[in-house]
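I have placed the structure first, in the form of structure tokens, so that the comments after it can refer back to it.
What follows draws every value from the coordinates through simple rules; no lab data is involved. All values derive from a computational prediction rather than experimental measurement. Positions of Cβ are generated from backbone atoms using ideal geometry, with glycine treated the same way; all protein chains shown enter the neighbour counts.
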Amino acid sequence: MNFYEALSKYYDKFFLPNNNIIELCKSFNLRNKTVLDLGAGTGTTAILFQQEGFNVSALEIDPSMVKTFEGKIKNFDDIKLVEGNILDTPKYFPDTFGLILCIGNTLPHLNSLIDVEKVISDSFNLLSESGVLLLQIVNFDKIKNEKTFELPTLTAQDEDISFTRFYTINNSSITFNGIINVNGENLTNQVQLLLINSVDLITICKKYFSVVETYGDFKGNTYSEQSSALILKCIK
Ligand SMILES: C[S@@+](CC[C@H](N)C(=O)[O-])C[C@H]1O[C@@H](n2cnc3c(N)ncnc32)[C@H](O)[C@@H]1O
């Protein structure tokens, strides 16, 4: 069983909707309320945008995550959800968007910076004038010199389940290890990630976008090497 197949059943118990994302995006003064969520997971953020009146499209590669997402939107049909690879985005979405999201550390799931650049340049092409690409990855600058790095353990509110998470780091590759404990029994899984430095990501974005701003979190706080996240707001 792959990582997200195992996690899809529990994902929404650990990762709750985050309104700060919506509030931050509202401050962008977007010209139109169309959003594309790349690597949308179980759709938690996509659904928040739909509830805010956005026209929402979403792309997700993992069939189990897509299935969970579909289960959540079966009673309304105005989210366009596609199962596919973010490297093929233009194939699925010929229209333009006011906002494109690639958050929740999705970009490091790609194999190389060449692939990362493809997603960024495709997004640039798919944005309408003054549209915004919002990227969020883990701030690997903070942890790249460590051998292992543990994230806070997550627990579900109403059930005896927890999610222990740690990275093992080896030069340009990083392994994300997750242990889901369900009623005392462990489900252990791993996913290989690309270690993306802030300088590399910012440099790629600046090749395409006229304005690239950084934040350390979705509350809009300033990015520093100690921030847990690197968020980039790229304006076309
Ligand atoms: C950590 S989850 C984040 C999900 C969601 N964006 C969020 O913030 O909760 C990363 C997601 O990216 C998806 N993903 C990874 N590589 C992908 C690719 N090449 N194309 C589309 N989705 C991808 C994974 O299946 C997973 O659902």
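Among 9/80; 207/233; 33/236, which pairs are too far apart, with a Cα-Cα distance over 18 Å? Pairs exceeding 18 Å: 9/80. Near residue 158: Cβ cut-off under 14 Å, other residues only, Lys/Arg at +1 and Asp/Glu at -1. The net charge is -2.
Across the chain, Cα pairs under 8 Å and at least six residues apart give a relative contact order of 18 percent.
Per residue, the chain reaches -7500 deg cm²/dmol at 222 nm when only DSSP H runs of four or more residues are counted, each adding -39500 (n - 2.57).
Count Lys and Arg as plus one, Asp and Glu as minus one, and take only other residues whose Cβ is under 12 Å from that of residue 211; the net charge is then +2.
Taking 19 Å as the straight-line reach from the Cα of residue 74, the aspartates and glutamates in range (excluding those fewer than 8 positions away in the same chain) are 12, 37, 52, 60, 62, 83. Can you find, among 68, 134, 17, the residue farthest towards the positive end of the dipole of the chain? Put +1 on the C-beta of Lys and Arg, -1 on that of Asp and Glu. Checking the options against the dipole of the chain, the answer is 134.
When you count the other C-beta atoms within 10 angstrom of each residue and take the mean per peptide, 225-233, 177-185, 203-211 line up highest first as 225-233, 203-211, 177-185.
Working ranking of peptides 214-224, 34-44 by packing, defined as the average number of other Cβ atoms within 10 Å per residue, highest first, is 34-44, 214-224. Restricting the stretch 60-122 to chymotrypsin sites (Phe, Trp or Tyr not before Pro) that sit in a DSSP loop and have at most 13 other Cβ atoms within 10 Å of their own Cβ leaves 76.
Annotation: amide H of residue 127 within the under-5 Å range of 97, sequence separation 5 or more or interchain, hydrogens built in the peptide plane.
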